[in-house]
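Accompanying notes for the structure given below.
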Amino acid sequence: FTDACNNAADQVSITYTWTVDATKPIIATTATSENKGCNPTIVAPVFTLTEACSPGSITVVDGGVTGTDCAKSQTWTANFTDACNNAADQVSITYTWTVDTTKPIIATTAVSENKGCNPTIVAPEFTLTEACSPGSITVVDGGVTGTDCAKSQTWTANFTDACNNVADEKVITYTWTVDTTKPIIATTAASGDKGCNPTIVAPVFTLTEACSPGSITVVDGGVTGTDCAKSQTWTANFTDACNNAADQVSITYTWTVDTTKPIIATTAVSENKGCNPTIVAPEFTLTEACSPGSITVVDSGVTGTACAKSQTWTANFTDACNNVADEKVITYTWTVDTTKPII
């Protein structure tokens, strides 16, 4: 300003500055909220800011680690308000994960064992102890193998959890026998009479058995009876490991013990019967231990002249054991004379 007297006022200048900024800042990150899996190394997410006029520092609030080992969680919340009070959209990143280094445990009350004979086989049951990721145990059934006499079946149980912790493998094996067949006892011997004064040899028994061969039980009844009627019985039995019993086999030998010579006796004596006798054949009696029978008497018939008649009886006997009696001989002599003498 200059007045009428050309006095100039000091110039006064006023300058205003301002910002025109109505743009919302933008917070960005390449991180995404996600599950980081098992036992990860957690690295906080990095946030970047896009701001038109008043760049500054993003405020990031770390919520810290929360939850159990099986369900860990951590959240980072990013905020920013610029100098013009334009507030960025809040960005939150949440990581979840599992901390699990514990080996799962497979258990069963079953034990590998021999189930004996003709059992009903029931597959073993397995139970799982797992910290964070229970699931189904993988059980491989090997199926029934082997012969009837040696059956076998194996179950193999495995489990790996979500964190690749591997349980110790559990293996159960059952063995058993399938045997419903009756054993067979045989012998070439036959029950019978062994005759006189034999040498007695015990019979031999053989066994046909499917799965559990063993020793036949032979009971020797011992020698019984009198010498004339000796007897001995052997009884054979066998029951296999599966309680299949063989048919009992019995062999009985009978025999006679007789080495005694039979005795032929008579009250008759060899003699001269005189004149014109009535001749009566002698009678013989027998003493025999075990096999009485008939004496064999051979009559020679009447021989000789009237004045010198003769007749002989010869008695013999052999018993069933070929013991021979001493021969007994009786001879009668006599005269047949009814003629009057003549003087």
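The values are calculated or read from the model by the stated rules, or taken from the named source; none is laboratory data. Just so we're clear, the structure is a prediction, and the values are computed from it rather than from any experiment. Heavy atoms of the whole protein, side chains included, go into the accessibility calculation; ligands, DNA and RNA do not. Shrake-Rupley method; radii C 1.70, N 1.55, O 1.52, S 1.80 Å.
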Per-residue ³J(HN,Hα) for the range 121-127, Karplus 6.51 cos²θ - 1.76 cosθ + 1.60, θ = phi - 60°, Hz, x for Gly and Pro
8, 10, 4, x, 9, 10, 10
Starting at the first residue of the range 252-263, write each ³J(HN,Hα) from the Karplus equation 6.51 cos²θ - 1.76 cosθ + 1.60 with θ = phi - 60°, in whole Hz, x for Gly and Pro.
10, 9, 10, 6, 10, 9, 8, 10, 8, 5, x, 10
Once all protein chains are kept in place, residue 13 shows an accessible area at probe 1.4 Å, nearest 10 Å², of 90 Å²
Of all beta bridges DSSP finds with both residues in the range 214-343, what is the antiparallel percent, to the nearest 5?
90 percent
Answer check: the range 202-303, Cα atoms, Kirkwood Rh, Rg/Rh ratio of 1.43
Answer label, with Cα Rg over 2.2 N^0.38 Å calculated from the coordinates and candidates [x] 0.95; [y] 1.01; [z] 3.14:
[z]
Return the whole-Å distance between the Cα centroid of the range 104-137 and the Cα centroid of the range 325-343.
113 Å
So what is the relative contact order for the chain, in percent, with contacts set as C-alpha pairs under 8 Å and at least six apart?
10 percent
Calculated from backbone phi, Karplus (6.51, -1.76, 1.60) coupling profile of the range 67-77 in Hz, x at Gly/Pro:
x, 7, 4, 7, 8, 6, 8, 8, 10, 10, 10
